[in-house]
Structures are given as structure tokens and as C-alpha cells.
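Asker: Sharing a structure below in C-alpha cells format, with a few things to ask.
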């Protein structure tokens with residue numbers, strides 16, 4: 001054996017070099033094997049496309065409600081009347097099963113945006129169409145187990161444990177909203 005093979009020539013001994021090279025190849029190989037797993041956990045492009053939706057509010061008349069789809073769920077958008085706003089804001093939030101002020105649920109008072117899924121067992125409440133029952137409080141009524149929601153989507157009566165969810169949304173203009 002030569003002096004260089006034993007590490008006496010000023011360079012790295014062959015054994016150390018082989019250990020470092022083997023470790024480097026193992027790390028690169030592990031990363032190459034793990035990357036497809038990590039990448040598969042990213043949302044698909046069709047899911048990302050549903051991450052937000054824009055809705056033109058211009059055609060919605062006062063007192064009218066529409067339903068749009070967002071992330072596979074119905075979203076209720078209601079152009080509230082002055083009377084609905086007044087009723088919703090007159091309620092003392094502390095007396096409600098899930099206390100929340102109307103101002104926190106509808107920062108822009110005339111527009112209410114809610115995920116239209118009952119918080120009890122996931123049914124879709126009635127009250128979007130004029131002919132449907134709106135429950136005792138003028139908002140929505142869940143036909144599955146009898147939950148009643150008010151004009152702010154707050155639970156007032158029935159087995160539902162929480163208010164209808166308010167999704168994240170922003171007003172892009174006075175007549176356009178982005179949900180998500």
C-alpha cells in the first residue's frame with residue numbers, strides 16, 4: 001500500500017472518501033424517493049381552481065338570495081333588506097346559543113355570505129327561495145332535524161350546535177365578491 005492510501009499523502013483517506021460518497025448517494029436517493037410522495041400531497045389543479053370563486057352581486061335584488069358552489073359546498077348570498085338588518089342587529093348576542101354579533105358576521109350589512117350547510121348533521125337548510133319555509137326567525141330552516149337560523153345565519157332553535165359558517169370573503173368592488 002502506498003502512503004496516499006493510508007492517508008499520509010495530504011489527501012483524504014480512501015475509506016473516508018468512500019463513506020462520504022456513499023452517504024451523499026444515499027441522501028440523494030432518499031430525497032428522490034420521497035419527493036413524489038410529498039408532491040402527491042399538494043392539491044390538484046382542479047382543486048386549486050375551486051379554492052376561490054368570484055360572484056357578481058349586481059343582478060341580485062334587495063331581499064333576494066342566490067346559491068353558488070364553492071369547494072363543493074353551497075354558499076348562500078343574501079342581499080338583505082333594511083328590516084332584516086335591523087332585526088339581526090337588534091338581538092343581544094349574549095342570549096344566543098352560539099353568541100356572535102351580526103356586525104362580525106356581515107361587515108357589509110346589506111350582504112350576508114354563508115356556507116349553506118347545517119352545523120348539526122350537514123343538511124342544506126331551506127329559505128333561499130321565496131316559497132321555502134324560513135323558520136321562526138326569518139332566516140333558514142333545516143328540514144332534517146328542525147334547526148332555525150335567523151337573518152344573520154345564527155342558530156336560534158334546534159339541535160344545531162353552531163351558527164352557519166361564514167367563509168372568508170372579500171369585496172373586490174361594490175358589486176363583486178371573492179369567496180375563498
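Just so you know, all these numbers are worked out from the coordinates, no wet-lab data involved. All values derive from a computational prediction rather than experimental measurement. Heads up, the Cβs are rebuilt from the backbone with ideal geometry, glycines too, and the neighbour counts pull from every protein chain shown.
Asker: Where the centre of each part is set by its Cα atoms, how far does the stretch 80-117 sit from the stretch 126-180, in angstrom?
Answerer: If we compute the Cα centre of each part, the gap is 10 Å.
Asker: Out of all DSSP beta bridges with both ends in the chain, state the antiparallel percent to the nearest 5. List each step's numbers first, then the result.
Answerer: Working: 25 of 25 bridges.
That works out to approximately 100 percent antiparallel.
Asker: Taking the number of other C-beta atoms within 10 Å as the exposure measure, put 45, 152 in order starting with the fewest. Each step should come with its number before you reach the end.
Answerer: On the way: 45 7, 152 30.
By the 10 Å Cβ count, ascending, the order reads 45, 152.
Asker: Pop out the Kirkwood hydrodynamic radius of the chain from its pairwise C-alpha distances, inverse of mean 1/r, in Å to one decimal.
Answerer: This gives a value of 20.1 Å.
Asker: Tell me the label-point distance for the pair residue 61, residue 145, using the 7 Å Cα-to-Cβ offset, in nm and rounded to one decimal.
Answerer: Taking the simple label geometry, residue 61 and residue 145 are separated by 3.7 nm.
Asker: When 126, 121 are ordered from fewest to most other Cβ atoms inside 10 Å of their Cβ, what list results?
Answerer: On the way: 126 16, 121 12.
Ranked by crowding around the Cβ, least crowded first: 121, 126.
Asker: Listing 85, 66, 155 from the residue with the fewest other Cβ atoms within 10 Å to the one with the most, what is the order? Intermediate results must be reported in sequence, preceding the final value.
Answerer: Numbers: 85 17, 66 14, 155 26.
Fewest-to-most Cβ neighbours within 10 Å comes out as 66, 85, 155.
Asker: Let me ask something else about it. What is the diffusion coefficient of the stretch 92-151 in µm²/s, taking the Kirkwood radius over Cα pairs and the Stokes-Einstein relation at 25 °C with a viscosity of 0.890 mPa s?
Answerer: The calculation lands on 199 µm²/s.
Asker: Which FRET efficiency, nearest 0.05, do residue 175 and residue 28 yield, Cβ-Cβ r, R0 45 Å?
Answerer: That gives a FRET efficiency of 0.25.
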